[in-house]
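The block underneath contains the structure these notes are about, expressed in structure tokens.
The values are calculated or read from the model by the stated rules, or taken from the named source; none is laboratory data. None of the values given here were measured: they were computed from a predicted structure. FYI the Cβ positions are ideal-geometry reconstructions off the backbone, even for glycines, and counts take in every protein chain you see.
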Amino acid sequence: MENGRLLIVDDEAVIRDGLKRILEGESFVVETCSSGFHAIEILQQREFDLIITDLKMPGMSGMEVLKSVRTLQPDIPVILITGYASVDTAVEAMKNGASDYISKPFGPDVILEKVQKALSQRTLSLDDISLKEDINRQHGFHQFIGESKEMQKVYHRIMHVSATNSTVLITGESGTGKELAARAIHDNSLRKDKPFVAVDCSSLAETLLESELFGHVKGSFTGAVQAKTGLFKIADGGTLFLDEVSNISLSTQAKLLRAIQERKITPIGGTQLLPIDIHLVAATNKNLKTMASEGLFREDLYFRLNIIPITLPALRDRKHDIPILIRHFLKKYTTDIGKEIRGVAPDVMSFLENYEYPGNVRELENIIERAVVLAEGDVIRNEDLELWDSKDTSSNIMIERIPMNAEELKEMKRHIRDHAMESLESLFVRNALERNNWNVTRAAEETGILRPNFQGMMKKLGISVRGEH
């Protein structure tokens, strides 16, 4: 009976063969290789239950093998072997994710004890992950709500990338939860007790953004009355989240690329290189590959950011989750506001399940919050939504009486046309605001309308910056 599949990595044939005999004698299936590079090739093709690797090897060290394993198959325990035993080496190995550490020379009993212990711990760990995944399938994942297969793929990717330091690029439309994904990555990582620092790259001018990211020294520019620590250093040891990274200027992109490559930054006006230790997560609702082909984004930076891609689905692509989200938001806002609402009317649920949600989950949350505030009964009804259906604006038009002559027909048609136009404008403005988190400047820029004109439309339609009449 097979006890498990093991990979042994050592440049000394006598060590490989000795370990193979010992472990095969205990019914383990053992594969061996003589270099770290070969080990990585094998790991990309086959799965193992445990890896034993020598620390000192030519070409690629055991520590480098360990780091690669943490990315390729993060749940596999790794035991490091060395003839250079020291406390510092052991601490560094364990810090990088080693399960255990032994030094040469060693006997069969020591090896078997370490292997059995590591495999037992792995079984417990996998059981724990399985339990977490079962819970997530039922209730969501961290602050995400949803059990659809589309979201399960996202949860699975987040869990895997959290065990690494690889740069992550999160893409998706506005309102899909890109910052939630970044926080989930941080909260599941070994850096979870260190800072999570988020910066909106679209909200700052080029000079201010550069100062925010890298810091500056006193007197480096007009207004720099004192030195400033950049967010790269503030996030040291933790996670730095660059939201809307597509809005960074080309000159700042060059400095960002250098920081990623060298793992060092230089404050504005400074000369000293400062080392940084961060997990970088970036996000955008734009297509960076297309922007790179158009010369609007550095191609080399795009490849550096897109090491591990995570794409968040639009709400219209995971409609199975809409009833779950509605229940969640109803519970949240009835508790916050202090109302007792049992649910939503069947026709409202049907409408909400078939609506396209250009503003995604954020828009659905705003709709439910508004409905809870406006509802006068214990059930959300159509009149509580205050949302025009873009597929059928005429369904909301009240015809008080049938026209009796041509003149009345003409007048009523004009009234209906004006009403429909106003409904369309209201839908247009509200959806633009929803997509941009009710930021008027961004909504105007996205729609190609001058800000004063956009504000004029809002005023005419009675729409305030909070989305209320």
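Residues being in a loop (DSSP other than H, G, I, E, B) and crowded, with 17+ Cβ neighbours inside 10 Å: count how many of those fall in the stretch 225-239. Break it down into steps so the answer makes sense when it comes.
Residues of the stretch 225-239 that are in a loop (DSSP other than H, G, I, E, B), as a first pass: 225-227, 230, 235-238.
Now narrow it down to the ones that are crowded, with 17+ Cβ neighbours inside 10 Å: 230, 235-236, 238.
Number satisfying all stated conditions: 4.
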Next item on the list: From the list THR207, THR222, pick out the single residue that is assigned to a helix (DSSP H, G or I), surrounded by fewer than 17 Cβ atoms within 10 Å (Cβ to Cβ) and not charged (D, E, K, R).
Entry: THR207
Check: Out of (1) closer than 18 Å to GLU12 by Cα; (2) small (Gly, Ala, Ser); (3) modelled with pLDDT of 80 or more, what's the single condition that is false for ALA85?
Finding: (3)
Margin query: Among the residues that make up the stretch 294-307, is at least one of them in the same structural domain as ALA259 (by TED's automatic domain parsing), within 16 Å of the chain's Cα centre (by Cα) and of a type in the set (Val, Ile, Thr)?
Written below: yes
Item checked: Given (1) modelled with pLDDT under 70; (2) surrounded by 20 or more Cβ atoms within 10 Å (Cβ to Cβ), number of the condition SER395 does not satisfy -> (2)
Note to self: Within the stretch 6-76, considering only helices (runs of 4 or more DSSP H) that don't extend past its boundaries, which have at least 3 residues that are assigned by TED's automatic domain parsing to the domain that holds ASP100 and touching a strand residue (DSSP E or B) at 6+ places or on another chain (Cβ under 6 Å)?
What the structure shows: 13-24, 62-72
Item checked: Within the stretch 210-219, considering residues that are buried (at least 19 other Cβ atoms within 10 Å of the Cβ) and not charged (D, E, K, R), the one farthest from GLY270 (Cα to Cα) -> LEU213
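Can you pull out the residues in the stretch 256-267 that are touching a helix residue (DSSP H, G or I) at 6+ places or on another chain (Cβ under 6 Å) and farther than 15 Å from PHE303 by Cα?
If we filter the stretch 256-267 for residues that are touching a helix residue (DSSP H, G or I) at 6+ places or on another chain (Cβ under 6 Å), which is where we start, we get 257, 260, 265, 267.
Once the filter is applied, which keeps residues that are touching a helix residue (DSSP H, G or I) at 6+ places or on another chain (Cβ under 6 Å) and farther than 15 Å from PHE303 by Cα, the stretch 256-267 yields ILE265, PRO267.
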Item checked: Members of the stretch 427-469 found to be charged (D, E, K, R), more than 15 Å from ARG362 (Cα to Cα) and modelled with pLDDT of 85 or more, listed by number -> ARG442, GLU445, GLU446, ARG451
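Restricting to the stretch 189-204, and then to whatever is in a loop (DSSP other than H, G, I, E, B) and under 15 Å from the mean Cα position of the chain (by Cα), can you tell me which residue is surrounded by the most Cβ atoms within 10 Å (Cβ to Cβ)?
Here the residue is SER189.
Working only within the stretch 33-71, note down all residues that are under 26 Å from HIS156 (Cα atoms) and surrounded by fewer than 14 Cβ atoms within 10 Å (Cβ to Cβ).
Here is the first cut: in the stretch 33-71, the residues under 26 Å from HIS156 (Cα atoms) are 39-51, 64-71.
Answer for the stretch 33-71, where residues must be under 26 Å from HIS156 (Cα atoms) and surrounded by fewer than 14 Cβ atoms within 10 Å (Cβ to Cβ): GLU41, GLN44, GLN45, ARG46, GLU47.
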